[in-house]
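The values are calculated or read from the model by the stated rules, or taken from the named source; none is laboratory data. A quick note: this is a predicted structure, and the numbers were derived from the prediction, not measured. With ideal geometry, Cβ positions are generated from the backbone for all residues, glycine too; neighbour counts draw on all protein chains shown. SASA here: full protein model, heavy atoms, side chains in, ligands and nucleic acids out. Shrake-Rupley method; radii C 1.70, N 1.55, O 1.52, S 1.80 Å.
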Amino acid sequence: MPYQTFQGSLDATNLRIGVVVSRFNEFITEQLAQGALAILEKHGCPHENISFVKVPGAWELPLAARNLASRCDAIIALGAVVRGDTPHFEYVSRGAADGLNQVSVETGVPIAFGVLTTDDMQQAMDRAGGKSGNKGSEAAEAAIELANLIKLLKESR
Ligand code: INI
């Protein structure tokens, strides 16, 4: 007997997507946001279906996502945490990662993790449209796929 297999498509024409972007290291997060929005456009997500939210820093991403979740099929969380000379980096990056994961599991709404956690600015630039691609674009694709996968799984119950 064949397996029942499920995989979300990249069709975003009927999806409601939240994009939450932190302003800290804005010249990086702006590139992540551009990358994410270009992917949403490429896959047909109507502008009116996109809720675009800005927050001060990565620490604030989980709470904003929590308050967006009820109106979205998926959320793309974008930020840039760059290591400094103090343990602050660990608290902010861990808080963002754990908080976003918790919100996603709690609400059932997929949250794509487009938060860079890098040792220096060069690594961040490389991942925000530089030589290592754009993690905002990758997060957007993951969000679309997961939103469609969750819809499929709910419909097939
Ligand atoms: N926020 C970031 O998004 N990236 C950072 O690198 C960062 N550093 O290094 O401090 C950062 N801090 C701010 C934090 O996210 C909160 O906005 C702030 O603590 C107020 O709650």
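Data for the structure
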item	result
Net charge, Ala143 excluded, C-beta distance under 14 Å - Lys, Arg +1, Asp, Glu -1	-2
Length-normalised contact order of the chain in % [C-alpha pairs under 8 Å, at least 6 apart]	33 percent
Accessible solvent surface per residue of region 17-155, calculated while the other protein chains remain in place, 1.4 angstrom probe, Å²	49 Å²
Theoretical ellipticity at 222 nm over the chain - DSSP helices of four or more residues, -39500 (n - 2.57) apiece, nearest 500	-15000 deg cm²/dmol
Integer Hz, Karplus 6.51/-1.76/1.60 couplings in order for region 113-124, x for Gly and Pro	8, x, 9, 6, 10, 10, 6, 8, 5, 4, 4, 5
Highest-first arrangement of 117-128, 25-36, where packing means the average Cβ count within 10 Å	25-36, 117-128
Span-like helix ranges in the chain, DSSP H, alpha carbon extent 20 angstrom or more, Kyte mean at least -0.5	26-42, 88-107, 135-155
Segment Glu26-Thr86, length gained on full extension (0.36 nm per residue, minus Cα span)	19.5 nm
Selection from Ala142, Leu68, Ala36 lying farthest towards where the dipole of the chain points positive, charges on Cβ	Leu68
Region 12-77-region 78-127 distance, computed between alpha-carbon centres (Å)	14 Å
Listed peptides 151-157, 38-44 by packing density, highest first (mean Cβ within 10 Å)	38-44, 151-157
Apportionment of accessible area to carbon and sulfur, region 17-155, percent (1.4 Å)	52 percent
